[in-house]
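Structure record follows, encoded as structure tokens.
The values are calculated or read from the model by the stated rules, or taken from the named source; none is laboratory data. The structure displayed is predicted, hence computed values, not measured ones. All Cβ positions, glycine included, derive from the backbone under ideal geometry; neighbour counts span all protein chains shown.
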Amino acid sequence: MDANERLISQFYSSFQNRDYAGMIACYHPAIHFSDPVFPDLKGKQAGAMWHMLCESGKDLSLTFSEVRAEAQRGQAHWQATYTFSATGRKVHNILQADFEFRDGKISRHRDVFNFWRWSRQALGPVGLLLGWSPLLRNKVRHTAAHNLRNFIKRHPDYQ
């Protein structure tokens, strides 16, 4: 297994154990993370997001596969099952991750998933009816950003 493939596997193995410190250790200090909910996190913000998700994901289970990497880029497929805390609804999210590497660490991490599929599970009828719309996506992003800002305020190491 290539060093970058081991790095990706270490990242997801840490996530399976809700070990946010282990996840953060895989990231370059200048990490740039994006996904449909958190479209533009940089540096410590990305670590804070994983810390927040690890703490809130009490019933989180995660699998990962198809880990591939070269010198500059890598990818993985992963799936997470958890209870969405805002609604108490079960979610099974299917994601594709793309990575870039610098100095032996992950410097760019982009997760892609079907937001409408996620919103139908997480939000129920509202997600079914409006999950395709920019209005709902922006509302979810705004709420997530607000929650992350409050989390960072309570954890000065991320400021």
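Descriptive notes on the structure:
- Ala46 more than 24 Å from Phe151 (Cβ to Cβ) and crowded, with 19+ Cβ neighbours inside 10 Å: no
- Val140 closer than 22 Å to Ala48 by Cβ and in a helix (DSSP H, G or I): yes
- Note on the range 126-159: residues that are charged (D, E, K, R) and touching a residue at least 24 places away in the same chain (Cβ under 8 Å) total 3.
- Hits in the range 54-76 (condition: surrounded by 20 or more Cβ atoms within 10 Å (Cβ to Cβ) and either closer than 13 Å to Tyr12 by Cα or within 14 Å of the chain's Cα centre (by Cα) (or both)): Val67, Ala76
- Qualifying residue in the range 80-89 (condition: in contact with a Lys or Arg (Cβ under 8 Å, 6 or more places away or on another chain), among the polar types (S, T, N, Q) and assigned to a strand (DSSP E or B)): yes
Table: residues versus (1) out of contact with any Lys or Arg (no Cβ under 8 Å at 6 or more places or on another chain); (2) of a type in the set (Lys, Arg); (3) surrounded by 16 or more Cβ atoms within 10 Å (Cβ to Cβ); (4) within 15 Å of Gln10 (Cα to Cα).
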residue: Trp78; (1), (2), (3), (4): yes, no, yes, yes
residue: Val91; (1), (2), (3), (4): yes, no, yes, no
residue: Phe99; (1), (2), (3), (4): no, no, yes, yes
residue: Gln121; (1), (2), (3), (4): no, no, yes, no
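- Of all residues in the range 69-96 being in contact (Cβ under 8 Å) with a residue 24 or more places away in the chain and among the small types (Gly, Ala, Ser), the one that is farthest from Val140 (Cα to Cα): Ala71
- Any hit, the range 64-73, residues being in contact with an Asp or Glu (Cβ under 6 Å, 6 or more places away or on another chain), closer than 21 Å to Gly131 by Cβ and of a type outside the set (Val, Ile, Thr): no
- Flag for Arg89 being basic (Lys, Arg), modelled with pLDDT of 95 or more and under 26 Å from Arg154 (Cβ atoms): yes
- Scanning the range 15-34 for residues that are surrounded by fewer than 19 Cβ atoms within 10 Å (Cβ to Cβ) and under 30 Å from Ser133 (Cβ atoms) yields His32, Ser34.
- The set of residues in the range 137-159 that are modelled with pLDDT under 95 and either within 30 Å of Trp116 (Cα to Cα) or crowded, with 17+ Cβ neighbours inside 10 Å (or both) contains only Tyr158.
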